[in-house]
């Protein structure tokens, strides 16, 4: 993994269905691992609000703080989709509940005639379930609390990205102790049977 470039990403949306709901914010940082350490260095970042062109439900605004006024003058996904895809490139994706972000983005890439993602993707939620057994919840907030990570902007894309980066950094140290040292090893491990203690 020391030779890989990772893109840690997060989206905020108007709801849970990629077929019905829209993206309101995208943030990502590119990181690599400093030689012989578990330190993840940020080498690039990208963040944008996105005008979903629909009203944002009040419960989403209560959760994220993203209002209709805040996104009124923001670009649409059509405006920024190609830039987002270019930023992600072919790097290894890291997210908390990666399937959600990955599928949401691919749905809108497809709708806007942009090449869909085929990247390797590591999920800090799945990895946490295998490396930190017996938590009552594996939401990002719970995992951050367990690992003593302070997410200063929870439920905003960049806040969650930076928290996820710290989560992965700590999980990476656990994986090294298990001799999980390549991306393919980590992908295999995140699909492995969860051990209860």
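Brief remarks follow.
- Residue count for the stretch 93-105 under the criterion of being touching a residue at least 60 places away in the same chain (Cβ under 8 Å) and crowded, with 18+ Cβ neighbours inside 10 Å: the result is 7.
- No other residue among 113, 160, 83 is under 21 Å from residue 13 (Cα atoms), touching a strand residue (DSSP E or B) at 6+ places or on another chain (Cβ under 9 Å), at pLDDT 95 or above and surrounded by fewer than 18 Cβ atoms within 10 Å (Cβ to Cβ) apart from 83.
- With respect to (1) over 24 Å from residue 53 (Cα atoms); (2) crowded, with 16+ Cβ neighbours inside 10 Å; (3) touching a residue at least 60 places away in the same chain (Cβ under 8 Å), the lone exception for residue 133 is condition (2).
- When residue 20 is tested against (1) loosely packed, with under 13 Cβ neighbours inside 10 Å; (2) farther than 16 Å from residue 111 by Cβ; (3) free of Cβ contacts under 8 Å to residues at least 40 places away in the same chain, exactly one condition is not met: (2).
Results for (1) surrounded by fewer than 16 Cβ atoms within 10 Å (Cβ to Cβ); (2) within 20 Å of the chain's Cα centre (by Cα); (3) closer than 21 Å to residue 159 by Cβ, shown as yes or no for each residue.
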{"residue": "56", "(1), (2), (3)": "no, no, yes"}
{"residue": "63", "(1), (2), (3)": "yes, yes, yes"}
{"residue": "66", "(1), (2), (3)": "no, yes, yes"}
{"residue": "71", "(1), (2), (3)": "no, no, yes"}
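- Pairs with Cβ under 8 Å, 6+ apart, first in the stretch 106-128 and at positive phi and without any contact (Cβ under 8 Å) to a residue 40 or more places away in the chain, second buried (at least 20 other Cβ atoms within 10 Å of the Cβ) and in a helix (DSSP H, G or I): none
- In the stretch 173-181, the condition of being in contact (Cβ under 8 Å) with a residue 40 or more places away in the chain, surrounded by fewer than 17 Cβ atoms within 10 Å (Cβ to Cβ), part of a loop (DSSP other than H, G, I, E, B) and touching a helix residue (DSSP H, G or I) at 6+ places or on another chain (Cβ under 8 Å) is met by at least one residue.
- Checking 128, 145 one by one, the residue that is surrounded by fewer than 18 Cβ atoms within 10 Å (Cβ to Cβ), assigned to a helix (DSSP H, G or I) and either modelled with pLDDT of 95 or more or touching a strand residue (DSSP E or B) at 6+ places or on another chain (Cβ under 7 Å) (or both) is 145 and no other.
The values are calculated or read from the model by the stated rules, or taken from the named source; none is laboratory data. These figures come from a predicted structure and were not determined experimentally. Reconstructed Cβ throughout: ideal geometry from the backbone, glycine too, with neighbour counts over all protein chains shown.
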